[in-house]
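Engineer: Below you'll find the structure I mean.
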Amino acid sequence: MTQENSPKPDLSRGRSYLAIPGPSVMPDRVLAAMHRAAPNIYAGDLTEMVAAMWPDLRAVAGTTQHVAGYIGNGHAAWEAANANLFSRGDQVLVLSTGRFGMGWAESARAMGVEVEVMDFGTRDPVDMARVEARLRQDSAGRIKAVLTTHVDTSSSVLTDIPALRAAMDAAGHPALLCVDCIASLGCDEYHMDAWGVDLTVAASQKGLMTPPGMSFLWFSEKARAAGAQADLRTPYWDWRARSEPEEFWQYWAGTAPTHHLFGLREALAMLHEEGMPRVWARHEVLARTVWAAFDAWGADHPRIGLNVTDPKYRSRAVTAARLGAPDATRLREWTEAQAGVTLGIGLGMAQPSDPAWHGFLRVAHMGHVNAHMTLGALAVMEAGMVALDIPHGPGALDAATKVIAAG
């Protein structure tokens with residue numbers, strides 16, 4: 001067969017790579033743990049495994065306090081938090097750095113909570129001085145809680161939680177500090193108790209490396225007491241029996257998510273085998289690898305760049321970037337169809353009906369991800385830029401490999 005009439009190769013064959021910010025890559029160990037017959041849900045191995053798993057869940061969040069689990073995604077966890085903490089008419093302050101900050105605000109507002117939003121846009125971190133000033137104004141202490149994302153999955157903005165705790169303390173305000181760690185838990189460094197957090201929200205499908213379908217609330221004794229009379233609480237969302245069950249079924253207010261639990265047990269084992277400091281260090285290096293590539297691509301090409309300017313405020317789980325419309329969409333379509341790499345859409349940067357929407361994308365480096373996966377995704381992106389004639393600066397792969405080489 002001559003080169004002229006040979007078929008075009010399909011280079012997407014082989015194992016695909018889902019480089020989106022959740023669901024993240026499922027480890028083979030997690031998938032294998034889930035591949036089993038349905039267990040007894042009343043006694044035996046499942047009940048013993050779950051009882052032993054709760055301390056590991058606390059350790060991942062950096063807390064010794066209460067934890068409650070739910071069958072549901074991150075939106076379900078928002079609703080559970082709202083239901084257990086608040087009554088109709090309670091006032092909360094939401095600090096938004098992207099689409100998911102707004103999402104928690106919308107969830108609370110729809111349930112009857114009075115929501116005030118401080119919107120810091122989609123590229124900038126929370127201004128702690130503004131937060132402190134606003135809390136000082138609330139001399140009557142009407143604001144019951146401050147809600148924020150640790151990492152907003154849409155923008156990749158990282159909120160400095162210790163600085164936020166310091167601002168609240170400086171204002172002398174008694175509000176609860178509630179943090180959405182759906183994108184960050186198991187990726188970005190986090191210490192719930194040491195940082196003075198009262199409520200942490202997370203879900204199974206990102207840093208916890210388990211399929212979507214479970215979410216968790218970790219909450220302090222202060223949060224439990226503050227929500228004791230919450231009138232939004234309903235039997236299903238009630239965290240009291242879930243966090244202190246007398247019988248196994250109460251962990252989930254009914255039938256347990258059996259196979260998800262087998263998967264999560266294995267994922268937690270993997271995290272603790274590696275050790276959380278090493279988990280955070282791995283995500284740090286992989287994030288800087290992606291940043292180095294974008295810095296090179298964007299040199300003398302201002303259409304290309306990272307969404308967040310200051311590395312201090314960038315997530316180590318996901319990187320939001322711009323290529324200029326329509327090149328981000330063109331590149332995403334090429335990498336998936338031609339090379340088996342799926343990149344994340346630029347969620348929340350523009351309305352899908354706006355042509356500008358096609359100028360943004362996200363690259364995930366969360367969970368079960370290593371050096372060759374990240375370097376491979378970057379190489380595929382550069383191949384796509386070449387194939388599509390997208391102007392970009394040279395040296396991105398060299399810059400990325402130097403970060404990996406330095407470790």
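Engineer: Compute the normalised compactness of the chain: alpha-carbon radius of gyration over 2.2 N^0.38 Å, N being the residue count. Before the final figure, lay out the partial values.
Structural biologist: Details: Rg = 22.1 Å, N = 407, 2.2 N^0.38 = 21.6 Å.
That ratio works out to 1.02.
Engineer: Apply the a/c threshold of 1.5 to the C-alpha gyration tensor of segment 130-275 and tell me whether it is rounded, prolate or oblate. Please list the in-between numbers first.
Structural biologist: Working: a/c = 2.43, a/b = 1.38, b/c = 1.77.
It is oblate, given that a/c is not under 1.5 and a/b is not larger than b/c.
Engineer: Using a probe of 1.4 angstrom, how much of the accessible area of segment 122-178 is carbon and sulfur, in percent?
Structural biologist: Working: 980 of 2030 Å².
Roughly 48 percent of what the probe reaches on segment 122-178 is carbon or sulfur.
Engineer: Additional query: Just how large is the dipole of segment 251-329 about the Cα centre, in debye to the nearest 20, putting +1 at every Lys and Arg Cβ and -1 at every Asp and Glu Cβ?
Structural biologist: 120 debye
Engineer: What does the accessible area per residue of the chain come to in Å², with a 1.4 Å probe and no ligands, DNA or RNA counted? Please list the in-between numbers first.
Structural biologist: Working: 16670 Å² over 407 residues.
Per-residue accessible area for the chain comes out at 41 Å².
Engineer: Additional query: Could you pull out every one of the aspartates and glutamates with an alpha carbon less than 13 Å from that of Lys222, ignoring same-chain neighbours closer than 8 positions?
Structural biologist: List returned: Asp193, Asp198.
Engineer: Right, here's the next one. Where Lys and Arg each count +1 and Asp and Glu each count -1, what net charge lies around His392 among other residues with Cβ under 12 Å from its Cβ? Spell out each step's value before the answer.
Structural biologist: Details: positive: Arg303; negative: Asp295, Asp300, Asp327, Glu382, Asp389.
Net of charged neighbours comes to -4.
Engineer: Ranked from highest to lowest mean number of other Cβ atoms within 10 Å per residue, what is the order of the peptides 306-315, 270-279, 287-296? List each step's numbers first, then the result.
Structural biologist: Working: 306-315: 18.3, 270-279: 13.9, 287-296: 22.9.
Top of the packing list down: 287-296, 306-315, 270-279.
Engineer: Let me have the 222 nm mean residue ellipticity of the chain computed from DSSP H runs of 4+ only, each contributing -39500 (n - 2.57), with the sum over all residues rounded to the nearest 500.
Structural biologist: Working: 13 runs with 160 residues, N = 407.
After summing the helix terms and dividing by the residues of the chain, the value is -12500 deg cm²/dmol.
Engineer: What residue among Met209, Ala228, Gly172 has its Cα farthest toward the positive end of the dipole of segment 172-228, where the charges are +1 on Lys, Arg and -1 on Asp, Glu, each on the Cβ?
Structural biologist: Ala228
Engineer: Work out the length of the dipole vector of the chain about its Cα centre, built from +1 on the beta-carbon of each Lys and Arg and -1 on the beta-carbon of each Asp and Glu, and round it to the nearest 20 debye.
Structural biologist: 140 debye
Engineer: Considering only protein heavy atoms and a 1.4 Å probe, what is the carbon-and-sulfur percentage of the accessible area of segment 238-386?
Structural biologist: Details: 3230 of 5870 Å².
Answer for segment 238-386: carbon and sulfur cover 55 percent of the accessible area.
Engineer: How big is the charge dipole of segment 1-155 about its Cα centre, in debye rounded to the nearest 20, if each Lys and Arg gets +1 on its Cβ and each Asp and Glu gets -1 on its Cβ?
Structural biologist: Values: 15 positive and 17 negative charges, 10 e Å.
For this selection, approximately 60 debye.
Engineer: Once the dipole of the chain is set up with Lys and Arg at +1 and Asp and Glu at -1 on Cβ about the Cα centre, which of Gly305, Val386, Ile161 lies farthest towards its positive end?
Structural biologist: Final value for the positive-end residue is Val386.
Engineer: Which three extents, in whole angstrom, do the alpha-carbon atoms of segment 305-365 cover along their principal axes, largest first?
Structural biologist: So the extents along the principal axes, rounded to whole Å, are 34, 27, 16.
Engineer: Using alpha carbons only, how many angstrom separate the centre of segment 192-239 from the centre of segment 330-405?
Structural biologist: Their Cα centres are 34 Å away from one another.
Engineer: Which of Gly112, Gly74, Ser12 sits closest to the plus end of the dipole of segment 4-127, meaning its Cα is farthest towards the positive end, when Lys and Arg get +1 and Asp and Glu get -1 on the C-beta?
Structural biologist: Ser12
Engineer: Still on this structure, please answer the following. How are the Cα pair distances of segment 5-65 distributed, in percent, across 5 Å bins from 0?
Structural biologist: 3, 11, 10, 16, 17, 13, 10, 6, 4, 3, 3, 2, 1, 0
Engineer: Okay, next question. Which of the three applies to segment 1-104, rounded, prolate or oblate, going by the alpha-carbon gyration tensor with a ≥ b ≥ c and a/c under 1.5 meaning rounded? Before the final figure, lay out each step's value.
Structural biologist: Working: a/c = 3.31, a/b = 1.51, b/c = 2.19.
It is oblate, given that a/c is not under 1.5 and a/b is not larger than b/c.
Engineer: Can you check what the net charge comes to around Val197, using other residues whose Cβ is under 15 Å from the Cβ of Val197 (Lys, Arg +1; Asp, Glu -1)?
Structural biologist: Details: positive: Arg58, Arg165, Lys222, Arg224; negative: Asp160, Asp169, Asp180, Asp188, Glu189, Asp193, Asp198, Glu221.
Result for the local shell: -4.
Engineer: Order the peptides 16-27, 348-359, 205-216 from the highest to the lowest mean number of other Cβ atoms within 10 Å of their residues. Please report the intermediate quantities before stating the final value.
Structural biologist: Working: 16-27: 21.2, 348-359: 15.1, 205-216: 24.7.
Ranked from most to least packed, the peptides come out as 205-216, 16-27, 348-359.
The values are calculated or read from the model by the stated rules, or taken from the named source; none is laboratory data. Predicted model, so just to flag it, every value in this text is computed and none were measured. For neighbour counting, all protein chains shown are included, and Cβ atoms are generated from backbone atoms with ideal geometry for every residue, glycine included. These accessible areas exclude ligands, DNA and RNA; they are computed on the full protein's heavy atoms, side chains included. Shrake-Rupley method; radii C 1.70, N 1.55, O 1.52, S 1.80 Å.
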